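Undergrad: So that we are looking at the same thing, I have put the structure below in structure tokens.
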Amino acid sequence: MNWFIEVLKKYAVFSGRARRQEYWMFTLISSLIYLALYLVGLALDSQAPQLILSVAFFLPSLAVSVRRLHDTGRSGWWVLIGLVPCVGFIVMIIFMATEGQRDANRYGPDPKAYPVQP
């Protein structure tokens, strides 16, 4: 849960680097919350709960994706490849699953060397 909270603390921080664990834990927890709100929306016959969550999590999700790309040594603009139908989604999954560069790169120090404090 610390990884999820850490991403929310960096709500719109597009600089720096994010570890794979930070990205994937945020993605997992936000997906579970979305699923729960989807079920609530079904019970209420409304799409408002998941729409509100989507709007609230848009910037943190984009920011952690950019920081994750930075960790692999890529520019944050690579996030736009996700807009390409089918191929873009697969390429983004590969980028997000790739291990980050060891040592410092032009986007900052290795986040594995400086772990997030609980």
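The values are calculated or read from the model by the stated rules, or taken from the named source; none is laboratory data. Just so we're clear, the structure is a prediction, and the values are computed from it rather than from any experiment. Please note: Cβ atoms are built from the backbone with ideal geometry, for glycine as well, and neighbour counts cover all protein chains shown. Note: accessible area is taken over every heavy atom of the protein model, side chains too, but ligands, DNA and RNA are not part of it. Shrake-Rupley method; radii C 1.70, N 1.55, O 1.52, S 1.80 Å.
Undergrad: Please find, among 76, 82, the residue that is in contact with a Leu (Cβ under 6 Å, 6 or more places away or on another chain) and modelled with pLDDT under 95.
TA: Details: 82 fails: in contact with a Leu (Cβ under 6 Å, 6 or more places away or on another chain).
None of the others qualify; the one that does is 76.
Undergrad: Can you tell me which residue within the stretch 1-36, out of those that are polar (S, T, N, Q) and more than 12 Å from the chain's Cα centre (by Cα), is nearest to residue 66 (Cα to Cα)?
TA: Applying the first criterion (polar (S, T, N, Q)) to the stretch 1-36 yields 2, 15, 21, 27, 30-31.
From what's left, more than 12 Å from the chain's Cα centre (by Cα): 2, 15.
Working: 2: 19, 15: 8 Å.
Applying the filter and picking the extreme gives 15.
Undergrad: Something else about it: List the residue pairs whose Cβ atoms are under 7 Å apart, where the first residue sits in the stretch 62-77 and is in contact (Cβ under 8 Å) with a residue 24 or more places away in the chain and within 17 Å of residue 102 (Cα to Cα), the second is buried (at least 22 other Cβ atoms within 10 Å of the Cβ) and among the hydrophobic types (A, V, I, L, M, F, W, C), and the two are 6 or more positions apart or on different chains.
TA: 67/18; 68/18; 71/18
Undergrad: Another question, if that's okay. Name the residues in the stretch 79-118 that are open to solvent by 50 Å² or more (accessible area, probe 1.4 Å), farther than 18 Å from residue 21 by Cβ and either among the acidic types (Asp, Glu) or in contact with a helix residue (DSSP H, G or I) (Cβ under 6 Å, 6 or more places away or on another chain) (or both), would you?
TA: 103
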